[in-house]
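The values are calculated or read from the model by the stated rules, or taken from the named source; none is laboratory data. The model shown is predicted, which means the values in this text are computed figures rather than measured ones. Neighbour counts run over all protein chains shown; Cβ positions are idealised from the backbone, glycine included. Side chains are part of the model used for accessible areas, which takes the heavy atoms of the whole protein and leaves out ligands, DNA and RNA. Shrake-Rupley method; radii C 1.70, N 1.55, O 1.52, S 1.80 Å.
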Amino acid sequence: MAERVERPVLDVSRLPTVGFGTHSITWWGIMGMMAIEGTVFVLMIASYFYLHSRNSEWPPHRNPPDLLWGTVNLALFLVSVIPNEWYRRRARKGDLRAVQIGLVLLSLFGIGNVVVRYFELWHLNTDWSIDAYGSAVWTLMGLHVLHLVTDLVDTIVLTILFFTSLVEGKRFQDAEENAAYWYFVVAFWIPIYLVIYWAPRWLHA
Amino acid sequence: MILVHVPGFPGNQTSLNPVGPGAERIEGEFALIFWITAIVYCLVLIALVVYVLRRRHSLNIMPEPMPTTPQSDRWAKVAVSGAMVVTVLLLFIMMIGSFVTGHALGNMNRETAYTIDVYGHQWWWEVHYPNDEPDKTVVTANEIHVPLGVPLRIHGTSRDVIHSFWAPNVQGKRDLMPGYETDVMMQIDQPGRWRGQCAEYCGEQHAHMSFYMVAEPGPQFQQWLSQQAASSVPPSTPQAVRGQQVFLGHACVMCHTVRGTPAGSRVGPDLTHVASRSTIAAGLLPNTIGNLGGWILNAQSIKPGCRMPPNHMTGSELQDLLAYLETLK
Amino acid sequence: MITTTAIESTAELTEQERAQAARLDAVWSEPRGFWGWFKAVHHTTIGKRYAVTAFIFFLLAGLLAGGMRLQLAFPEAHVLSNDLYNQFFTMHGSTMMFLFAVPMMFEALSVYFVPLMVGTRNIAFPRLNAYSYYLYLFGGLMFYIAFLCNTGADRGWFSYVPLAGPDYGPGKRPDFWAQLITFTEVSGLAVAVETIVTVFKLRAPGMSLNRIPIFVWGQVVVAFMVIFSLPGVVLSSTMLLLDRTCNTQLFNPAVGGDVLLYQHLFWWFGHPEVYIIFIPGTAVISTIVTTFCRRHAFGYLVLVLSLVATGFMAFGLWVHHMFATGIPQIAESYFTAASMMIAIPTGAQIFCWIATMATGKVVLKTPMWWALGFFFTFIMGGMTGIFVASVPVDLQIHDTYFVVAHFHYVLIGGAVFPLFGAISYWFPKVTGRMLSETLGQITFWLFFVGFNITFFPMHLVGIRGMPRRVYTYPPNMGWTTLNQIESLGYVLLFIAVCVFLANVSRSLKTGSLAGPNPWKAGTLEWATTSPPPHYNFLHLPTVNGREALWDAAPNQPVVIGLDEDARSFLTTRTLDAEPEGRDEFPRPSIWPFLAAIATSIAFIGSIFTPWGITIGAIPVAITMIGWFWPERQPAERRRAREIWQSE
């Protein structure tokens, strides 16, 4: 075997260092997280219906959760999609001002969602320790609360970061991915909302 | 038929010594799978050994990697494809066998079956023979007499954690779970005492939760049943009378029933006919005076963690008590 | 064009190469000193930690098994009390499944070898990787400290309710079990995401999908399985904790809860789990058979599709663990069919391997012996799997020693044999020294014989009616002799492992030097020194075929142009591995360790109070923010050199 080999080279020095979507490593990581958390949600929803199938009355001797606050939150979530998509697209262009505004808006929406969520929890019309129905409703809700709160903290931290001098291409990638994750939180609220608020009304038989 | 049997497993608590149609059907499928898989295993491993020996490279250095030739790979493609076809075929055969067996088991007579209720407890079996006439209902524990050659329905659930009712000579197992009532059909065609054991880990004394299914011809079974339905006979000897007082005056009444006395608790096994049973402590000990005495004094030293506390009494109190319990046939 | 020194040669590096090595070393070296240990982020460092830690847990679980075998050697023995035995078998099973098998077969092997095999400098998300290791370690420590404090888990490795629930599982024992799950599941999920991203985006140019080594394919399939299966046990263990600590009623049938909900959620995870353990074993076998039969594995497409098919089908079998619960007949039939049909892709792999041997040159060194042992052992386990797949037969053998025999044959055959093969194969790469071939073969034969003596009789004693998880048994059942044979077999296994440890410790000091590629193997980990430097490859490679080294062109190109003053790496396209972009790995950092401490406090605290999570979340948030907060100087450097992707 020859000890010295002349090799051609593949010069990658002009390749981009800032990429979005499938070009970004962290984007793939966030997709992985969504797959994991999504599976948790799906299995929890399945568990809710499984318990429903084992109970003749659902909810047992009480009212289903009041519709008001949950629907308000649904509306808030859906409206937040507008600034979310706007700043996500501007992030891909490196528009600092737009991302700053967008992140502040999403932080405010998030805070609003959390406040409304607080009222939702007080109007679920059940405690978690009474029976399996109460436990299932609170567990399913609790999972979404966890995601909402952690995403809000992430968003606020990122917002602060965007007002420092530490902003660079990578941070715009983070902004796009933060917007993607917010979509995940919103998107999963839709089936969870339907399950918690409407399933007991529709499946009354 | 050679396929129907697997060599040498006589005896009690063995799934390959069937005494009824349930276990027998299962043994058939077991044998089918056994012979097919044993032959396939041997063939595959013989092929492996043969090829390794034939293609073995004996020098001590690593030879250069070989280019793969179309010829070598074409032959291999044919061989692998053929092996796959055979594999799928054999799997189908075993699968169909499984469906046929399962179907047959599922079709065992439900309408004409004789029902026995079994409740799993940590760590004993509560057994009820329901009857439309309440005074003919039988409650006993751990020893399940059944009529020979008659379809049986074991109707079961658990009073605490998950247990599993399993008498391998008779039938496959069924889990007894709180919140679920389940029915498993079985039939015993050979007379005898067939041992079963809990087959789902249920805590500290899972290892000592056995039972016996005692299969007797119809008339004998009916005789046993009426005897069990009867209330306890009042004690006649002075020692037995004293023994009954010991029983009623100690912690026994907190957990045990003896019909015909004020003791009516359902926490532990019904003792109305305890002397008629051949074992105590869920199959752990033969039902002798000595064992019963030791059990009463300190069940914890024999079956640590079981729900029966030690009982303090003098030697003569124990002798009286045992004399009384002996009368509970 | 550049001049490079062929990796196999004995010539010294050229002057340019030595300069380049020095520059790379300055940037990539792992931090030294006491605190440096806690800041490490290189995948080979973390991979070795996973491997050593997992092996220690393997030894601990093995010792527990010894205690069990001693207790079972005599009917009604009093070597271990019932309480202690129940803790032993639970600790043994839980340790093997959660602290050894997955961390070793998936995490250790994946973390160490996948980045090397795809030709990059580190694993994706290196700090997450470090964090995942610390969580794994802390979870295991918690579990064993609880055991030493007489609070060891004792409800079996799947911890069914109601036995493990608030009514029948007093104290904290099941809570420690449930939190062990939490620790190890976060760890496993993190490595799964890292593995997928590494393989999707960090492959060497030229390594299109059809040139990915089978070992890497196996780990990718496993990573996907981890992502979709672990949520099942996340939920079941969380629900168990909620029922036990917060008074939820999810499993309480008296108020609408259901005990089978637990089993469905657990086995949704539990069945894929065993394939998560087994598939890396097959990935190792493919690798060893390729190298020791001196030819490309026969049937690459079939092998890869079999891995993928097995991964998918594994999700459709879980109810076969619940056949005794009285499920409807139509469900029984489906799960029987599926459980038998999964033998098809596995069979395909076996036939392809035998075909490779039949058309190759078989070199019988220690790794190949272990591979052969795999065939004898795993296939036997696969055969008994057909017995348990059939519902009627399963109703006799479920929860007996027959099933204990089955799963030890498939798990030890399917994972431990390949693992010993992997260790003897890759030890030279990781340490730079060869293991003793003689001691290696002695270990193999002792282990193979000892294993069969220990576990084969369990088939018989199970058919003879011995249930599992029993701390003792009556005499005169026909079980005593078989149990004694099994216990004697353990002695051989013990000696085998001792010989192995002696081999390892001796070879570390005095084993012959291995060089870069002692086996003349074909995959990229052999294209660098043994052990690899912290930058993995002096020149990042490009690839021309499935076996990168065997199929390399005489003048195979190398990659240049990455920044040499930062931990720069190349990203490539997912399907065809064409170069796409450049990115930067983070430098060593203490934050993963601090975050792991904070997380552990939250997890362990929540065993004792529900406020553990809510209050514990605060230090977790603080450490996570510290972790992600950018450093000024690297940010400015990157900003100055940014090239944005064109839209």
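Summary table below
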| item | result |
| --- | --- |
| Sequence-separation-based contact order of chain C, relative, with Cα cut under 8 Å and 6+ spacing, percent | 19 |
| Where N is the number of residues in region B:238-326, Cα Rg divided by 2.2 N^0.38 Å | 0.99 |
| Radius ratio Rg over Rh of region C:80-172, counting only Cα atoms, Kirkwood formula for Rh | 1.12 |
| Charge dipole (debye, nearest 20) of the protein assembly as shown; +1 at Cβ of Lys and Arg, -1 at Cβ of Asp and Glu | 2300 |
| Vicinal HN-Hα couplings computed from phi for region C:325-337 (Karplus, 6.51 cos²θ - 1.76 cosθ + 1.60; Hz; Gly/Pro x) | 7, x, 6, x, 4, 5, 5, 4, 4, 4, 5, 5, 4 |
| Unsatisfied cross-links (Cα-Cα over 23 Å) in the set C:Lys201/C:Lys429; C:Lys429/C:Lys520; C:Lys39/C:Lys172 | C:Lys201/C:Lys429; C:Lys39/C:Lys172 |
| For chain B, built as a Gaussian network whose Cα springs stay under 10 Å, the top-fluctuating residue of B:Leu48, B:Leu297, B:Leu90 | B:Leu48 |
| Highest-MSF residue in chain A out of A:Arg14, A:Arg54, A:Arg117 [GNM, Cα springs under 10 Å] | A:Arg14 |
| Rg over Rh [alpha-carbon atoms, Kirkwood Rh] for region C:590-638 | 1.20 |
| Computed E for C:Glu12/C:Ala77 - FRET, C-beta separation, R0 60 angstrom, nearest 0.05 | 0.40 |
| Accessible solvent surface per residue of region B:44-103, calculated while the other protein chains remain in place, 1.4 angstrom probe, Å² | 63 |
| Within 10 Å of each Cβ in B:193-203, the average number of Cβ atoms from other chains | 6 |
| Rounded percent of accessible protein surface that carbon and sulfur make up, region C:290-357, 1.4 Å probe | 83 |
| Whole-Å semi-axes of region B:41-83's equivalent ellipsoid (Cα gyration tensor) | 22, 18, 6 |
| Where chain C is the region considered: accessible area per residue in Å², 1.4 Å probe | 31 |
| Per residue solvent-accessible surface (Å²) - chain A, probe of 1.4 Å | 42 |
| Gaussian network model of chain B, springs between alpha carbon atoms under 10 Å - residue of B:Val233, B:Val50, B:Val100 with greatest fluctuation | B:Val50 |
| Surface/4 estimate of mean projected area, convex hull on alpha-carbon atoms of chain C, nm² | 30.1 |
| Amide hydrogen neighbours beyond the local backbone of A:Asp11, cut-off 5 Å, H modeled | C:Ile560 |
| Nonlocal amide H pairs with B:Val146, under 5 Å, H built at 1.01 Å | B:Val214, B:Ala215, B:Glu216 |
| Occluded residues from region C:61-93, i.e. those whose accessible area drops by 20 Å² or more once the chain is not alone (1.4 Å probe) | C:Glu76, C:Asn82, C:Asn86 |
| Region A:55-205: radius of gyration over Cα atoms, expressed as a fraction of 2.2 N^0.38 Å | 1.21 |
| Relative frequency of Cα-Cα separations exceeding 15 Å in region B:245-293, percent | 48 |
| Orientation-averaged projected area, Cα convex hull of region B:117-208 (nm²) | 6.0 |
| Residue-count net charge about C:Met458 - beta-carbon cut-off 15 Å; Lys, Arg +1, Asp, Glu -1 | +2 |
| Volume per residue of the C-alpha convex hull in region C:121-179, rounded to whole Å³ | 96 |
| Rounded to the nearest 20 debye, dipole of chain B from Cβ charges on Lys, Arg, Asp, Glu | 900 |
| Interface B:C - total buried accessible surface [probe 1.4 Å, Å², rounded to 100] | 7500 |
| Order by protection proxy (mean Cβ within 10 Å, highest first), peptides C:367-376, A:65-74, A:167-176 | C:367-376, A:167-176, A:65-74 |
| Considering only the protein assembly as shown, percent of DSSP beta bridges that pair antiparallel, nearest 5 | 70 |
| Spin-label pair B:Ser81/A:Ser53, simplified geometry with 7 Å Cα→Cβ offset, distance in nm | 4.2 |
| Helical mean residue ellipticity (222 nm; -39500 (n - 2.57) per DSSP H run of 4+; nearest 500) of the protein assembly as shown | -19000 deg cm²/dmol |
| Alpha carbon centroid spacing (whole Å) that separates region C:276-305 from region C:49-101 | 31 |
| Dipole-positive endmost among C:Phe138, C:Ile601, C:Thr384 within chain C (Cβ charges, Cα centre) | C:Phe138 |
| Partner chain coverage, peptide C:378-391 - average Cβ within 10 angstrom | 5 |
| Sites A:His123 and C:Ser29, calculated FRET efficiency, Cβ-Cβ separation with R0 51 Å, nearest 0.05 | 0.30 |
| Dipole moment magnitude, nearest 20 debye, region B:238-326 about Cα centre, only Lys, Arg, Asp, Glu C-beta charged | 240 |
| Sparse-neighbourhood loop sites, chymotrypsin sites (Phe, Trp or Tyr not before Pro) in region C:439-546 - DSSP loop, at most 16 other Cβ within 10 angstrom | none |
| Volume per residue that the Cα convex hull of chain B spans, once the total is divided by residue count, Å³ | 208 |
| Region C:573-636-region B:69-94 distance, computed between alpha-carbon centres (Å) | 50 |
| For the protein assembly as shown: span of alpha carbons on each principal axis (Å, largest first) | 110, 77, 52 |
| Relative contact order [Cα under 8 Å, 6+ residues apart], region C:358-486, whole percent | 32 |
| Contact order relative to length of region B:238-326, as percent, for alpha carbon pairs under 8 angstrom and 6 or more apart | 36 |
| Positive minus negative residues near C:Phe89 (Lys, Arg vs Asp, Glu; Cβ under 12 Å) | +2 |
| Counted charge near B:Arg195, where neighbours are those whose Cβ lies closer than 15 Å (Asp, Glu -1; Lys, Arg +1) | +3 |
| Solvent-accessible area buried by pairing A with C, both sides, nearest 100 square angstrom, 1.4 angstrom probe | 6300 |
| Alpha carbon centroid spacing (whole Å) that separates region C:223-275 from region B:105-140 | 33 |
| FRET efficiency, B:Asp183 to B:Asn298 (Cβ-Cβ, R0 45 Å, nearest 0.05) | 0.70 |
